[in-house]
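Below is one structure, written out as structure tokens; comments come after it.
The values are calculated or read from the model by the stated rules, or taken from the named source; none is laboratory data. Since we're looking at a predicted model, the values are computed, not measured. Ideal geometry is used to build each Cβ from the backbone, glycine not excepted, and the neighbour counts take in all protein chains shown. We work out accessible area using only protein heavy atoms, side chains counted, and drop any ligands, DNA or RNA first. Shrake-Rupley method; radii C 1.70, N 1.55, O 1.52, S 1.80 Å.
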Amino acid sequence: MVSSTIALALTVATLVIFTGIGVWFSRGKVESVEDLITARNATGEGQMSATLIASVMGVWILLSAPEAGALYGIAAVIGYGIGEAVPMLAYSRLGPRIRELIPEGHSLTEYAYARYGGAMYAFVIVVSVLYMFVFLAAELTGISLALNHVAGIPQWQTAVLVGGFVLLYTGYGGLRASIFTDTIQTMVILPLLVLSVAAVILTLGGPGAIHQGVVEANATLLDPGFVPGVRFGIALVFAVLGAELVNQTWWQRIYAATDSGVLERGFRTATVANGLILVLATLLGVVAVGNADVVTQLGSENYNAGIAFFVLLEGVFGEWLVLGVLLLALTLVMSTADTLFNALSSLVTADLPRLLNDPDDRTLRLGARAVTVVVAVAAIAVSLRARSVLRLFFVADLLGAAVGFPLVYGLFTGRLSGPGALASSIIGLAVGSAFFPFPFGLHGMVDGLLGGALPAPDATYLLPFASAFLVSTVLALAAARLSTDEFDLSRLSREIRRLDEPVPDGGTAPETGRQPQTEDTTEVSE
């Protein structure tokens, strides 16, 4: 086992370095709540691409992605790669459209309120906050499990240290600090990830020896026609796409780009990079199963597939190389955690003017920072009890799969009403939930209350995610087709305003007194 003293010292040193960089860079640059949560029009193409890559590359790529690979094989590898690439490609079109229709926006929830009304807004804010909160808790869970397994560091120490230090520089510097540190973290993460994969391959004797090991351990993992694996791979595409559509992380960065061209190119770069990164990360899980140490622990009742990669490292590498990968994991956590802290803060802050009576800029900034602290404490608490990063994600992904398409479809047509979007989302969620293998026997309890009416849960997750996404999509298209009313999309630019304007309404100011900044109400064909 790696020395806990050395591992803890390196952890603290890494956290201190990035915290210092974040505070130094943002010093004197955050003079208003707008600076804190948007960094509007301040990010060029290089930094935009870097932050879009780093924001995805949390420690989950060394935990939940390998866990999926270890359980479902090559189909999960393909599914995760496509699943992470598709949302980035979608945002390469959605991002410019959002900037065009809502040039002074901040969050997806203020768009939901202005476009669909209070009911859909309430549903979207619950879904988005829950997804990002679970993502954050999963990140802290992942790094805590990894350091506990490899170095024996108590989970609470890791969670508190990581959450506390990241909170310091994100609470102070906001999105600007996050984007700048993301750029540095990307430059560190990508070479370390490639070196780690190369070291694993060479140490295990090359591709041929690895292939033979996996065949002997579980040959079905290498079968592209392995039905459970194929089902799981397809499920990942629906799960990740739906979840990312309600992820405030991306909506926040849409406004940070210097212009729409930079934004589009940044998301296209991330499409390729993030897809390839997830392919590599998920393959690590398949490779891990071919190692004797991992196979031995597969038979243990205490085995956690989420740390399969770290079990592999511990068995075949020396202490210093394992420590290097742990620092990679720590950097991955920071790159995602600071992004999520900022996204949650901006999402709530953009809605504070709707709840408070004409708050000033200082109140909004204090509110943003207070929300960040509360979220950090709650995420740390949840991370101390969670065991599987992958299953943490899936519970939140189901919500995103149901609401994702109805939410963004309103950017392209005025025909979809608020009640139509909400009904589509709720029905999709209900259908998906009927097949979802909820933990703690929840599915069985609900089934008992309903007299055995629920279908059997799908352990591969295909039916829950596919039905939630497709049912809500079909219903949203049908609702738009049947609607007799039409929302004027140019209203969005009048109703959603900057928070530092004389009337910081977050989307509730009257339409009068401002001219629309765009008259484009183009609809896509249905």
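Summary table below
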item	result
Residue identified as open to solvent by 60 Å² or more (accessible area, probe 1.4 Å), farther than 30 Å from residue 428 by Cβ and in a helix (DSSP H, G or I) among 215, 286, 194	194
Residues that are open to solvent by 10 Å² or more (accessible area, probe 1.4 Å) and under 18 Å from the mean Cα position of the chain (by Cα), drawn from the stretch 263-274	268, 269, 271, 272, 273
Contacts under 7 angstrom Cβ, first residue in the stretch 115-131 being more than 15 Å from residue 421 (Cα to Cα), partner among the β-branched types (Val, Ile, Thr) and assigned to a helix (DSSP H, G or I), 6 or more apart	128/109
Residue, farthest from residue 193 (Cα to Cα), within the stretch 277-292, restricted to residues that are within 17 Å of the chain's Cα centre (by Cα) and either modelled with pLDDT under 85 or of a type outside the set (Val, Ile, Thr) (or both)	278
Residue list for the stretch 240-276, filter: part of a helix (DSSP H, G or I), β-branched (Val, Ile, Thr) and at pLDDT 90 or above	254, 262, 269, 271, 272
Search result, residues across the stretch 423-439 that are more than 25 Å from residue 96 (Cα to Cα) and outside any loop (DSSP other than H, G, I, E, B)	423, 424, 426, 427, 428, 429, 430, 431, 432, 433, 434, 435
Output for the stretch 25-56, where each listed residue is among the charged types (D, E, K, R), part of a helix (DSSP H, G or I) and open to solvent by 20 Å² or more (accessible area, probe 1.4 Å)	35, 45
Yes/no for residue 201 being part of a helix (DSSP H, G or I), open to solvent by 10 Å² or more (accessible area, probe 1.4 Å) and modelled with pLDDT of 85 or more	no
Residue 175 farther than 21 Å from residue 61 by Cα, modelled with pLDDT under 85 and either out of contact with any helix residue (DSSP H, G or I) (no Cβ under 9 Å at 6 or more places or on another chain) or assigned to a helix (DSSP H, G or I) (or both)	yes
Test: residue 107 is out of contact with any Pro (no Cβ under 8 Å at 6 or more places or on another chain), in contact (Cβ under 8 Å) with a residue 12 or more places away in the chain, of a type outside the set (D, E, K, R) and closer than 30 Å to residue 494 by Cβ	yes
Inter-residue pairs, beta-carbon under 6 Å, first within 19 Å of residue 412 (Cα to Cα) and hydrophobic (A, V, I, L, M, F, W, C) and in the stretch 489-510, second assigned to a loop (DSSP other than H, G, I, E, B) and modelled with pLDDT under 80, 6+ apart	489/521; 496/507
Residue satisfying condition, being at pLDDT below 85, open to solvent by less than 20 Å² (accessible area, probe 1.4 Å) and closer than 22 Å to residue 196 by Cα, within set 77, 59	59
Top-ranked residue in the stretch 111-134 [being crowded, with 19+ Cβ neighbours inside 10 Å and not hydrophobic (A, V, I, L, M, F, W, C); ranked as nearest to the chain's Cα centre (by Cα)]	131
Residue match in the stretch 485-499 (condition: within 25 Å of residue 106 (Cβ to Cβ), modelled with pLDDT under 75 and either buried (at least 16 other Cβ atoms within 10 Å of the Cβ) or acidic (Asp, Glu) (or both))	yes
Within the stretch 316-407, helices (runs of 4 or more DSSP H) holding 2 or more residues that are modelled with pLDDT of 75 or more and out of contact with any helix residue (DSSP H, G or I) (no Cβ under 6 Å at 6 or more places or on another chain)	319-349, 361-383
Selection within the stretch 141-158 - modelled with pLDDT of 85 or more and crowded, with 23+ Cβ neighbours inside 10 Å	158
